[in-house]
Structures are given as structure tokens and as C-alpha cells.
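Derivation of every value follows stated rules applied to the coordinates shown; laboratory data play no part. Not measured: the values here are computed from a predicted model. Don't worry about glycine lacking a Cβ; one is built from the backbone with ideal geometry, like all the others, and counts go over all protein chains shown.
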Amino acid sequence: MRRTLLWLIPMLCLWLVPAFADDSSFPDTPGQDPVQSGEQIYMQICQGCHMPAGQGAVGAGHYPALGGDAALAAWKYPVLTVLGGRHGMPPFGLPATSLALQELRTVHLSDAQIANVVNYIRTSFGNHYPDMVSEAQVAALPHPGRR
Amino acid sequence: MASDSGQDGLTRRELLRRVGLMAGGSVMYQAMNSLALAAESPWKGPTELKGAPPGASVLILGAGMAGMTAAYELRNAGYKVQVLEFNNRAGGRNWTLHGGDRYTELGGETQHCEFDPGLYINPGPWRIPYHHHGILSYCKRLGVALEPFVQVNYNALLHGSKAFGGKPQRFREIKADYQGQVAELLAKATHQHALDSLVTREDQERLLESLRGWGALDSDFRYVAGDVSGERRGYLKPPGGGLTARPESGTPIQLDDILQSGLWRGVSSGDHYDMQTALFQPVGGMGRIGEAFGRELAGLIRYQAKVTSIQQDAAGVTVHYDDASKPGVSQTARADWCLCTIPLPILAEIPMNVGEQLGAAIGAVPYASSVKVGLQFKRRFWEEDDHIFGGISYTDLPITNIGYPSTGFHANGKGVLLGAYIWGLNAMEFTSMTPGERVQKAVEYGSQIHPQYKTEFDNGVAVAWHRVPFTQGCYGMWTTEARARHYDDLCAIDGRIALAGEHASFIGGWQEGAVTSALDAVGRLHQRAVAQGASA
Ligand SMILES: Cc1cc2nc3c(=O)[nH]c(=O)nc-3n(C[C@H](O)[C@H](O)[C@H](O)COP(=O)(O)OP(=O)(O)OC[C@H]3O[C@@H](n4cnc5c(N)ncnc54)[C@H](O)[C@@H]3O)c2cc1C
């Protein structure tokens, strides 16, 4: 089976999170090696919403298509979107140990992982943006939950 | 003991003071909760709004629990009510998949549910705690029959993939052995005078007595194999009748093994306020509530109506929508007031002229990732072989839960389990799979807990909530910070538009949140409408 990204989740401190409709009694399984490749990150997280070929989807609302998305031309735009999330898209740049990460039950991606996945979407699904984003460029942008 | 007040004649305040003095703030809070001073349900009994201004109208967006609660109350108060709903059924997240049902998720994958007649899975809500008075009162008024939902089952399993060689343990044994050995430790500490500065002499005697009862300790305050602990943890050979009657005790699992296994995490699952006995489920599936509401509001709900814009002016609200039966032609609805219950990820994309504050609030709440998988098996092996009747087994595998049906006990024929209830990163990974892969993974993981899966599996369905076309997520996730900054703005009436729904509540992820938020919003809307007098 595919390698999991489980190591990414800090131990979910469930006692800090109110139970809501959710009652998982255990934190997620401690994981294996970090997944770094942009393609793997896309296939395990992003395609749940943006779909396997980056085509997006339409129902009562919609998920934007990333293939042929002119908004990806400026690299900062997708990087800031992945870091901070927007509307129905959860943030992926919250600090790994933050309360907000647990409250949102979202995932922390490192700056390198964000650079990789953004490079992946900017060169896939018919996109051909040649300028590669570096970890340092991601690190220099404002992150949510950082003071 | 007959009395369960446990207060020994102390006044409530005095007891609280003592607990507070001895143990600090968090215990104080727990004690307050157990004395029912803190968290009170916002439910104040049936609303019975009356006296709508003559001719006044309200347009309600979404026919989930919030929208239909609002429609029911506003109609009864005399408003002209119209509900616009994207789906071709009432209920929203209140939804049950039965055999013969079809479901198409975002991306276009269609699943055909092949369960046997009478079998079902609730892809969304599945249980209602007894103190969710609002939703329960609508069940009563709408004639929705309820039955018990088994939350805690002492014979269900706790499973750690790396604990006890991967062998699942009975909840009953882990709980009894954990509790018994913790009680023994505390009794030892008391005897060794470690608590002298914290507990008075007389109370130490009481504490020891209570530990003996709580932990099933023997006369020497030890937790050991035997009749006393057997009455908690069960037996290797249970007592019976006749010559083969003599019970044999099993050996308690050592505390260090329990601590290292992490299985102690599963012990308190039924202690959460929302998970405490009694809980209920509608007979025939959670979707029965939505169906009953839909029948009650027949004629008021327009189905297959997808809202595409919401515009207010000084006199009322105009909503544009696409009618799936008349593609390509945008339709219009108008009313004096609008109550919008559309889930926020969808609403955030709908053009709407509201103030900046409400706009910012709508965009500030991402929705949780969650996946449920329903699995049909050729027989109810969990009952027949494992003697598990309802309740939940917990695991550290990605499937997290195996939920056994709380109904149809001892039935012959097939049965349906909740084969996975997944959150967080695992849910995102499962969402990224095709429905068929999700079912296959749930069967693979589940067979580590119940090997019978391999031969008994029949078919399954998998619902990933980020792929659900009408919500794009499971429920609204508020950070403390977003709550402080945006919650009041989200709930405040903006001109002629009010929001309601699970997301506009402090009971997020529960139908009670949807119901109580709707009642709160229609109460305020009604006040405003009455203040403004007759219709526009
Ligand atoms: C996996 C899961 C488990 C849960 N477990 C429980 C539980 O055990 N117990 C419990 O009480 N609660 C539980 N809940 C929570 C419960 O389901 C919700 O809190 C509640 O149903 C929300 O009701 P609502 O009216 O706010 O929203 P919804 O039910 O989502 O209603 C919104 C309605 O708006 C419609 N809509 C959306 N977009 C448009 C549009 N553009 N135009 C027109 N209509 C539109 C939708 O089709 C839907 O009918 C669970 C939820 C999930 C997902």
C-alpha cells in the first residue's frame, strides 16, 4: 500500500479537543518516513478535493480546477493559499504543535513539502510554469499561527 | 448504597469549595459539571412563535435540520415560507443509505448500495444523546420512533496494532484491570501516608473504602485474580450450573502492559458528556427524521434548487437558483426575510451582499475531513462468534472505529457494520481514493481485528465528506481564535439575512447545534419582523 503521511500529524492531543460527533479514542498510528514528493502529497491530500487530474468538481458549490488555472502563474498565490487555506480549503501551514492545528484537525506540511506540492501542481494537469519554488521562498512568506 | 447524591449533607457550595481547595481549577470544573451548574442545554422547551406580521414571508435556504426546524416554526407562526433545497430529498446531512439507494459524489463516482432489505448505514449522524432535547422534541412531535443506540459495550474490543501482538483486547478486561490497579496504587499511597497532607484521616478511611469498591480490590486492597475482580473483568470460564459450574478466573493484565499499550485511551470513551448513556437512534435509520420533516413541510420545499446568488435590498431578499429539472434557466425567489443554512464552504462561493463582518465570518470556518464506510457481511459474526451486540470497537488503525448495529440483534441473514469512521489526515487519504478502494482498505484493516471479514464480506459503500456535493465537508471546525473573532458576526442578522446551522452553534457536529441555532435565529428574525410591522 502507499506510504502514509501519518508522521506529519503531531500526536493529536484528543483531550484538548472537544468530542463533538467525533470519538476516535486513539491518536493516529505513528508513521513512517516523511513523504516529500509533491506528487505523493497531491495524491494523498489535495486530490480529495481538487480531483486526481486537477479538474476540480461542481456540486451545490465547487472545488476549483488547478489544470489551466491562470492564478497559478504567480507562485506566491498557490503557496499562500496552501499555507493559510481559504474558505472551504483548510490551512496546511499551521505550526505542527499548535492548538489551532488540532482544533481544525487539519495537517501540517513543512515548507519543503509545500514547495514540492506547489511545484507539482504548477507543472502538471497541462500547467507549464518553469520557475521552481524553493523551501526558502516558502519560509519567507507569512504563515498562519506564527507570531 | 441507595443514595447516589454522595454529598453527605454538605451544601453544594460547600462541596464545591472543598473540591476547589483540594484539587485546583480543572477538578472544580468537572465537579461543577457533575452537579449540573455549568453546561446547561440552550433548549428551553418548544418555541411556539406566534403572530407573524400579516403577509410577511421568509425564504429558507437548505432543507437540513436547521432549515426545516426554522420552516416548521415560522410556518406555525403564520409566515409565508418557502424552502429551496439542492438535493431531491429533505434532511441534508441527516441521511441514511439503504439497499437500492444510489449516491454520486463530487468527481462523478456513483455507488449503488447493495445492502439487503432493512439494512442500512448512516453516513452522517448516527446517535443522539438524551440531553439533545431540541432534536429529540422534534422526533417526538413528528412521530419518529426511537430505539437505544449502544455506545459503550464492555464486550467490544480495544485494539492497538502494536500492542499485545496485535491481538484485540476486551474493553471489559482493560477497563477493570486498569481501574483495579490504579485503585490499588492509590490505596498503597494512602497506606504509606503519601496523602496525609492532602486528605484528612477520616477521609482517608472513606477513600480506601471507595477505592475498594471502585477498583474491585480484595480485603487487603489488592487487585488480584479471583471472584472479586472476576465480577468486573469476567472469567476464563464463567460460572454455570451443575457439575461443570465452577468458575475459573483469568489473570489480570499487568498495569505496565496496559499503560504501554495505550489501550487505556479507550476506557473513558463513554464518559464524554455527549456519549453518556442513554443515547438514541431513529428506528430505520437517522434519515427518518429528515423524511418526517419533509412530509410535514410538503409543498413548502422546492427540491433540486441550487442557490446561486443572494441579494438583499431595503424591502426584501432576492435569491437566484438553478432548477435541475429546467437546466439553463435561472429562477428567482423573493421574500421579506431570508434564513440561510447553506454549509459555509458552499456559501463562501455564492455571491451575496452582506457586510464585511459577516462575509469574513463565512470564510473563516473550514470543514473537517471525515469518512464513513458501511460494510455488509453474509452473517452477523460479531454477534454469533464474538458476542458483541452493538457498541464500538476502537483501534489505532486508520479505520479508528468498528461500529456494530444497535438493532436487529440475533437476526439471521446478513448484517451491516460501520467499518470505518475516519478523521484527520487518514480521512484526507481515504477521501483521495475511489469509493471502491476505500471499501477495500476498510476490509483489509478490519480483518486484523475480525478475521471473519476475509470470508464473510459481501459489499460496501463509502462516503467521504469532503466529496459530498451538498456540504463539501463534515462539519465546521472553529479555532478558539476564529470563534472569538467571528462567531458573533456569523450569528448576527445582517439586514434581512440571518444564518443558521450546525456551524452557527457551540454544538458543532451535532444535529442539536443545527436545531438550537435555527430556533435562536428565527426568534430574533421574528422580533425584527414584528418590530418592522407588516410585510414589505
Ligand atoms: C460523519 C458525520 C457524523 C455525524 N454524527 C452525528 C451524530 O452522531 N449525531 C448528531 O446529532 N449529529 C451528527 N453529525 C452532525 C449533523 O449531521 C449536523 O450537525 C447537522 O445535520 C447539520 O444540519 P444543518 O441543517 O446545519 O446542515 P445540513 O444538514 O448540511 O443542511 C444544509 C442543507 O443545505 C443544502 N444546500 C447546500 N448548498 C445549497 C445550495 N447551493 N442551494 C440550495 N441548497 C443547498 C444541502 O443540500 C442541505 O440539505 C454528524 C455529521 C457528520 C458529517
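Please compute, for peptide B:457-469, the average count of beta-carbon atoms on other protein chains lying within 10 Å of each residue's beta-carbon.
Across B:457-469, the average partner-chain Cβ count within 10 Å equals 2.
Which whole-number percent of Cα pairs in segment B:188-240 have a distance greater than 14 Å?
57 percent
So how many Å³ per residue does the convex hull of the Cα atoms of segment B:171-261 work out to?
100 Å³
Distance in nm between label sites at B:Glu248 and B:Thr308, each 7 Å beyond Cα in the beta-carbon direction?
It works out to 7.4 nm between the two label points.
Could you work out the pair-distance distribution P(r) of chain B from its alpha-carbon pairs, with 20 angstrom bin width and percents rounded to whole numbers?
19, 46, 29, 6, 0
On average, how many beta carbons from a partner chain sit within 10 Å of the beta carbon of a residue in B:146-152?
Partner Cβ neighbours, averaged per residue: 0.
Restricting to chain B, compute how many DSSP beta bridges are antiparallel as a %, nearest 5.
The antiparallel fraction comes to roughly 75 percent.
When only C-alpha pairs under 8 Å and at least 6 residues apart count, what is the relative contact order of segment B:313-368, in percent? Mind showing how you got there, number by number?
Working: 44 pairs, mean separation 14.8, N = 56.
Averaging sequence separation for qualifying contacts and normalising by length gives 27 percent for segment B:313-368.
Label-point separation (nm) for B:Arg102 and B:Arg295, each offset 7 Å from Cα along Cα-to-Cβ?
Placing both labels 7 Å beyond Cα along the Cβ direction yields 2.5 nm.
What is the extension gain from B:Ala492 to B:Ala411, computed as 0.36 nm multiplied by their sequence separation minus the C-alpha to C-alpha distance, in nm to one decimal?
Full-extension gain reported as 24.1 nm.
Using only C-alpha positions, report the orientation-averaged shadow area of the convex hull of segment B:341-448, nm², one decimal.
Answer in nm², one decimal: 9.2.
Per-residue mean of other chain beta-carbon atoms within 10 angstrom of the beta-carbon, peptide A:101-114?
3
Could you give the angle, 0 to 90 degrees to the nearest 10, between helix B:25-34's Cα long axis and the longest principal axis of the Cα atoms of chain B?
80 degrees
Which whole-number percent is the relative contact order of segment B:171-261 (Cα, under 8 Å, 6+ apart)? Mind showing how you got there, number by number?
Details: 108 pairs, mean separation 30.8, N = 91.
RCO, segment B:171-261: 34 percent.
What are the ³J(HN,Hα) couplings of segment B:64-78, residue after residue, when phi is run through the Karplus curve with 6.51, -1.76, 1.60 and θ = phi - 60°? Round to Hz, x for glycine and proline.
Karplus values, whole Hz, x for Gly and Pro: x, 4, 5, x, 7, 4, 5, 4, 4, 6, 5, 4, 4, 7, x.
Calculate the length of the line joining the C-alpha centroid of segment B:282-314 to that of segment B:340-378, in whole Å.
Going from one Cα centre to the other spans 17 Å.
Fewest to most neighbouring Cβ within 10 Å: what's the order for B:Thr434, B:Thr479?
Numbers: B:Thr434 14, B:Thr479 23.
Result, fewest neighbours first: B:Thr434, B:Thr479.
Tell me the label-point distance for the pair B:Asn353, A:Met132, using the 7 Å Cα-to-Cβ offset, in nm and rounded to one decimal.
So the label points at B:Asn353 and A:Met132 sit 5.0 nm apart.
Exposure proxy check: B:Asp494, B:Asp313, B:Asp218 ranked by fewest other beta carbons within 10 Å?
Going from sparsest to densest Cβ surroundings: B:Asp313, B:Asp218, B:Asp494.
Only helical DSSP H runs with n ≥ 4 go in: add -39500 (n - 2.57) per run for chain B, normalise by residue count and round the 222 nm mean residue ellipticity to 500 deg cm²/dmol.
Helices in chain B give a 222 nm mean residue ellipticity of -10000 deg cm²/dmol.
Ratio of the protein assembly as shown's C-alpha Rg to 2.2 N^0.38 Å, to two decimals?
So the protein assembly as shown has a normalised radius of gyration of 1.03.
When each pair of different Cα atoms in segment B:122-232 is counted once in the 1/r mean, what is the Kirkwood radius in angstroms, to one decimal? Walk me through the intermediate numbers first.
Working: mean 1/r = 0.0567 Å⁻¹.
So the Kirkwood estimate lands at 17.6 Å.
Using 1/(1 + (r/R0)^6) with R0 = 30 angstrom and r between the beta carbons of B:Arg334 and A:Leu99, what's the FRET efficiency to the nearest 0.05?
Efficiency at R0 = 30 Å is approximately 0.10.
Sort A:44-53, A:127-136 for me by packing, meaning the mean count of neighbouring Cβ atoms within 10 Å per residue, highest on top.
Averaged packing, sorted descending, gives the order A:44-53, A:127-136.
Pop the C-beta distance of B:Asn88 and B:Asp116 into the FRET formula with R0 = 25 Å and round what comes out to the nearest 0.05.
The value I calculate is 0.55.
Between A:Ala140 and B:His133, what FRET efficiency comes out of the Förster formula 1/(1 + (r/R0)^6) with R0 = 60 Å and r the beta carbon distance, rounded to 0.05? Show your work: numbers first, answer last.
Working: r = 52 Å, r/R0 = 0.87.
That pair, B:His133 with A:Ala140, gives E of 0.70.
With a cut-off of 8 Å between alpha carbons and a minimum separation of six or more residues, what is the relative contact order of segment A:34-139 in percent?
This gives 28 percent for segment A:34-139.
If neighbour count is taken as other Cβ atoms inside 10 Å, put B:Arg467, B:Arg127 in order from fewest to most.
Neighbour counts put them in this order, fewest first: B:Arg127, B:Arg467.
Please list the three semi-axes, largest first and in whole Å, of the ellipsoid equivalent to segment A:30-97, using sqrt of 5 times the eigenvalues of its alpha carbon gyration tensor.
Listed largest to smallest, the semi-axes of segment A:30-97 are 21, 15, 13 Å.
Check cross-link reach from B:Lys50 to the aspartates and glutamates: straight Cα distance under 12 Å, and skip same-chain residues fewer than eight apart.
Reachable aspartates and glutamates: B:Glu73.
Quick check: residue separation of B:Gln527 and B:Leu195 times 0.36 nm, minus the Cα distance between them. What number comes out in nm? Mind showing how you got there, number by number?
On the way: separation 332, 0.36 × 332 = 119.52 nm, distance 5.79 nm.
The span from B:Gln527 to B:Leu195 would gain 113.7 nm if fully extended.
Take the alpha-carbon centre of segment B:71-102, take the same for segment B:397-451, and report the distance between them in whole Å.
Spelled out, the Cα-based centre of one part sits 28 Å from the other.
Report, by chain and number, residues whose modeled amide H sits under 5 Å from the one on B:Gly460, excluding near sequence neighbours (fewer than 5 apart, same chain).
B:Gln376
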